[in-house]
Amino acid sequence: MTEKNTKVITWKNCLKVGVSAFVLFLCIYYWKGISGIAGSIIGALAPVFIGFAIAYVLNILMTFYERHYFTKSKKKLVKLSRRPVCLTGAFLTLAGIIALIVILVVPELVSCVKFLVSEIPPLIERILKTEFVRENLPKDILSKLSGIDWMSYISKFIDTVGSGLGNALGAVVSAVTSAVSVIVTALLSIIFSLYLLAGKDKLCEQSKRLCKSYVPEKATDRLSYTVKVFDECFHNYIVGQCTEAVILGVLCTLGMLIFRFPYAPMIGALVGFTALIPVAGAYIGAGVGAVMMLTESPLKALLFLVFIIVLQQLEGNLIYPKVVGDSVGLPAVWVLVAVTVGGGLFGVVGMLLGVPLAAGIYRLVSEDVKKREAQKEVITEE
């Protein structure tokens with residue numbers, strides 16, 4: 001009986017291997033069609049993925065509010081209203097933060113761009129008239145550059161772009177379609193995130209029941225632990241980075257007000273917002289701020305860069321370790337690798353998600369290595 005069962009099991013294993021190889025061959029041979037179908041499915045599921053991301057961030061705020069919403073009260077009305085009130089508060093908090101950043105940053109950026117467009121031609125003319133340029137630049141090149149009407153060129157460029165966009169009906173239709181698609185996706189994502197948060201307890205219970213019913217117990221335990229590790233890494237990363245970004249933005253704004261730098265609230269908000277990106281984020285915001293400040297005074301822009309460098313050193317060596325500490329649990333070199341690889345593959349989104357993903361993988365691999373080393377030591381002792 002045992003031999004017969006062994007033969008059946010062996011035949012089934014061979015059949016599984018053959019089917020798997022055939023499916024793999026079909027995937028490779030029809031890769032273009034399969035990748036196109038997969039891309040369409042992922043595109044259709046975009047609101048679900050975005051909604052899950054929004055729900056994850058909102059859940060951090062919601063759980064914080066739930067821990068402080070009349071926790072000692074035993075009234076039925078308080079218990080029934082806890083979830084809706086905390087969910088509404090979390091959503092309004094996130095929307096208020098985004099609106100505040102947009103209100104502070106966007107108008108100043110628009111006015112800065114307009115100012116740069118109007119000031120670039122006179123600036124070029126002043127540079128060409130300086131003694132250093134006249135002495136070191138060849139006369140033929142200098143005469144050609146001096147004879148150019150920079151303002152007319154810029155005006156022509158703007159008119160050309162404007163007329164081109166105005167006459168291109170297809171571009172307008174495409175832009176409107178894209179805008180409508182983005183709005184619909186955003187609304188569906190928000191609605192989906194609200195449904196997720198409203199029924200998160202029930203969804204978690206259903207997920208556990210499905211895993212216990214269809215996944216082996218050992219694999220279920222391992223999967224649960226893996227999800228827990230990544231959840232801790234993402235939670236600690238989001239809380240730590242947001243706290244650090246707020247502190248850096250406030251310190252930047254206060255320092256700029258003390259030294260009387262222009263655009264203090266706007267640049268402080270921008271530096272704090274970009275500080276959510278590890279390693280290079282604050283410097284990106286500082287670079288944009290320096291360009292804007294250059295329209296006021298080149299000396300102030302230079303002093304501002306010196307101020308940001310000093311502030312970053314103080315923040316990185318004193319504030320960041322105490323606020324965030326080792327919550328992410330990832331060495332500095334791997335943080336840099338995660339930001340570089342994530343940014344290269346998926347842009348800003350990759351830079352934001354690269355660190356917590358790398359932290360989770362680093363923690364799981366470290367624990368597995370320690371476990372294997374302990375097992376080897378036990379075998380050696382025996």
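The values are calculated or read from the model by the stated rules, or taken from the named source; none is laboratory data. Remember, it's a predicted structure, so these values are computed and weren't measured experimentally. Positions of Cβ are generated from backbone atoms using ideal geometry, with glycine treated the same way; all protein chains shown enter the neighbour counts.
Of note:
So that you can scan it fast, the table gives a plain yes or no per residue for (1) more than 20 Å from N59 (Cβ to Cβ); (2) surrounded by fewer than 22 Cβ atoms within 10 Å (Cβ to Cβ):
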residue	(1), (2)
F230	no, yes
Y237	no, no
G240	no, yes
G255	yes, yes
F259	yes, yes
A275	yes, no
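- Among residues of the stretch 48-80 being among the charged types (D, E, K, R) and surrounded by fewer than 15 Cβ atoms within 10 Å (Cβ to Cβ), the one that is nearest to the chain's Cα centre (by Cα) is R67.
- Flag if I308 is touching a residue at least 12 places away in the same chain (Cβ under 8 Å), within 15 Å of the chain's Cα centre (by Cα), outside the structural domain of E205 (by TED's automatic domain parsing) and surrounded by 20 or more Cβ atoms within 10 Å (Cβ to Cβ): no
- Qualifying positions in the stretch 283-300 - under 14 Å from T253 (Cβ atoms) and touching a Ser or Thr at 6+ places or on another chain (Cβ under 6 Å): G285
This table checks each residue for (1) modelled with pLDDT of 85 or more; (2) under 24 Å from T243 (Cβ atoms); (3) assigned to a helix (DSSP H, G or I); (4) over 18 Å from the mean Cα position of the chain (by Cα).
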residue	(1), (2), (3), (4)
V333	no, yes, yes, yes
L345	no, no, yes, no
V348	no, yes, yes, no
K371	yes, no, yes, yes
A374	no, no, yes, yes
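Let's see how each residue does on (1) aliphatic (A, V, I, L, M); (2) assigned by TED's automatic domain parsing to the domain that holds G347; (3) at pLDDT 85 or above:
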{"position": "R209", "(1), (2), (3)": "no, no, yes"}
{"position": "C233", "(1), (2), (3)": "no, yes, yes"}
{"position": "L254", "(1), (2), (3)": "yes, yes, yes"}
{"position": "Y263", "(1), (2), (3)": "no, yes, no"}
{"position": "T274", "(1), (2), (3)": "no, yes, no"}
{"position": "P278", "(1), (2), (3)": "no, yes, no"}
{"position": "I284", "(1), (2), (3)": "yes, yes, no"}
{"position": "A290", "(1), (2), (3)": "yes, yes, no"}
{"position": "L294", "(1), (2), (3)": "yes, yes, no"}
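- Residue in the stretch 313-326 that is part of a helix (DSSP H, G or I), at pLDDT below 85 and of a type in the set (V, I, T) present: yes
- Verdict on G36 being out of contact with any His (no Cβ under 6 Å at 6 or more places or on another chain) and over 21 Å from K200 (Cβ atoms): yes
- Given (1) modelled with pLDDT under 85; (2) more than 17 Å from the chain's Cα centre (by Cα), index of the condition V102 fails: (2)
- Complete set of residues in the stretch 209-224 that are in contact with a helix residue (DSSP H, G or I) (Cβ under 8 Å, 6 or more places away or on another chain) and part of a helix (DSSP H, G or I): C211, K212, T220, L223, S224
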